[in-house]
Amino acid sequence: MKKPQAIASGPTGTLTVLSVSPFEEDCLSLMAIVGHSTWRLFHAHDLGSAVALLQQHEIAVVLCERDLPSGTWIDLLESLRSLPDPPSLIVASRLADERLWAEALNLGAWDVLAKPFDRREVFRSVKSAWQHWYGQIPMRAAAMTAMSAAS
């Protein structure tokens, strides 16, 4: 099996991904996919534990099951917006159709992945989401500097 293409890491030195899913097979599948990479993978089974992990760690990308025991990916997206550097959100579902894709992108998710997970698609989507997240950090810092200088 080929190793994934190297990706520059964020401020913590490691690309961090949070998987939010009540399904153990999602966790196992993602562990098998990213296990040979330098990525750090966190797991949460519900909305509450996901929010707790997001408050404790700098997470760049969240891969969230469409439906959670305590809410949906939309609830998690709303929680992400309150974070200083909100991670990019990827929605995952066995029913990843055009309707879900359109809804997710319109509401602010980065991408939608079909399950079962395809290794290449996971790497493509997470890499793209990470690049978006990482690119937002300098822009936020520049905006804050400009606002401070203007006052």
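Within the range 23-55, the set of residues being under 17 Å from Leu89 (Cα atoms) and in a loop (DSSP other than H, G, I, E, B) comprises Trp39, His45, Asp46.
Being hydrophobic (A, V, I, L, M, F, W, C) and buried (at least 16 other Cβ atoms within 10 Å of the Cβ) is the filter here; which residues of the range 31-52 pass it? Can you show your working first?
Going through the range 31-52, the residues hydrophobic (A, V, I, L, M, F, W, C) turn out to be 31-34, 39, 41-42, 44, 47, 50-52.
Those that are hydrophobic (A, V, I, L, M, F, W, C) and buried (at least 16 other Cβ atoms within 10 Å of the Cβ): Ile33, Val34, Trp39, Leu41, Phe42, Ala44, Leu47, Ala50, Val51.
Quick check: is even one residue across the range 53-66 farther than 19 Å from Ala129 by Cβ and either in contact with a helix residue (DSSP H, G or I) (Cβ under 7 Å, 6 or more places away or on another chain) or small (Gly, Ala, Ser) (or both)? Scanning the range 53-66 turns up no residue that is farther than 19 Å from Ala129 by Cβ and either in contact with a helix residue (DSSP H, G or I) (Cβ under 7 Å, 6 or more places away or on another chain) or small (Gly, Ala, Ser) (or both). Of all residues in the range 59-79, those that are surrounded by fewer than 18 Cβ atoms within 10 Å (Cβ to Cβ) and within 11 Å of the chain's Cα centre (by Cα) total 0. For the range 80-114, which residues satisfy the criterion of being hydroxyl-bearing (Ser, Thr, Tyr) and surrounded by 13 or more Cβ atoms within 10 Å (Cβ to Cβ)? Residues satisfying the conditions are Ser88, Ser93. The set of residues in the range 55-83 being of a type in the set (A, V, I, L, M) and over 19 Å from Asp111 (Cα atoms) consists of Leu83 alone.
Read-outs throughout are calculated quantities, based only on the coordinates presented, and are distinct from any laboratory measurement. Since the model is a prediction, treat every value here as computed from it, not as a measurement. In this analysis, Cβ positions are derived from the backbone assuming ideal geometry, glycine residues included, and neighbour counts consider all displayed protein chains.
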